[in-house]
Structures are given as structure tokens and as C-alpha cells.
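Reviewing the structure listed below.
No value in this document is a laboratory result; all are computed from the given coordinates. This structure is a prediction, so every number in the text was calculated from the model and none was measured. Because the Cβ atoms are built from the backbone with ideal geometry, glycine has one as well, and the counts that use them run over all protein chains shown.
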Amino acid sequence: MPDVNEMRAKVESILLAKAKAALEGKTIQVVRYMTNREAENSGWQQRPIVIFCEDGSFIVPQSDAEGNDGGALWLYEALKNDDDPNSIVPVLPFKNQ
């Protein structure tokens, strides 16, 4: 029977390779909040940030792995000149809520 820790490590390695292939080396072109229509088409009640890359791909934070709603974005800015380099970009509700 395979070792559970070995199986977890293999899955993590596969997922990390997928994320690296999709994200590393990309150039961000546009950052904006998701529109009401886009959120509605996703079945969401929240409007997260959408990050568009030069190759047409985009990144959308989700509330969970199942994509049940938009999610906040945690930013860490190491060179920020204040006491707290952490900041949150929250989701916004539909305008009509």
C-alpha cells in the first residue's frame, strides 16, 4: 500500500508544477474588479479583483476551491514603507445589494 505522505507530496508537486507553468513569467496588464454581470454569470454574490495577463490568461481569487464565490486577495509588499506590509483587497458586493 502506498505511503500517504508520499502520495500527498506527489499531488503537491503536480499541483505546484501546474501553478508554476500557468503563472511564472507572466506580465500583468490590467487589474480591475469583476463586473456585476461577470459575477452573476459565475453564480457569485461578491465581485473580486480580476488580474489580466499579457497572454490573455487571468486570475480570479475564489472563496474556496469549489468556486462558490469570489474571494479577497491578500497582498504582501516587502518594500512598503510603513509598519504593516500586509494589505487586503476585499471583494465588493453587487451594486444593487
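Lys80 meets the stated requirement of being part of a loop (DSSP other than H, G, I, E, B), more than 17 Å from the chain's Cα centre (by Cα) and among the charged types (D, E, K, R). Reported count of residues in region 16-46, each being assigned to a helix (DSSP H, G or I) and in contact with a strand residue (DSSP E or B) (Cβ under 8 Å, 6 or more places away or on another chain), is 4. Among the residues here, Val50 does not qualify as β-branched (Val, Ile, Thr), more than 13 Å from the chain's Cα centre (by Cα) and not in a loop (DSSP other than H, G, I, E, B).
Only one of the numbered conditions (1) polar (S, T, N, Q); (2) assigned to a loop (DSSP other than H, G, I, E, B); (3) more than 23 Å from Ile88 (Cβ to Cβ) is violated by Asn68, and that is (3). For region 24-62: of the residues being of a type in the set (S, T, N, Q) and in contact (Cβ under 8 Å) with a residue 24 or more places away in the chain, which is surrounded by the most Cβ atoms within 10 Å (Cβ to Cβ)? If we take residues in region 24-62 being of a type in the set (S, T, N, Q) and in contact (Cβ under 8 Å) with a residue 24 or more places away in the chain, then Gln46 is surrounded by the most Cβ atoms within 10 Å (Cβ to Cβ).
Going by what's in this entry, would Ser13 be described as assigned to a strand (DSSP E or B) and among the small types (Gly, Ala, Ser)? No: the conditions fail for Ser13.
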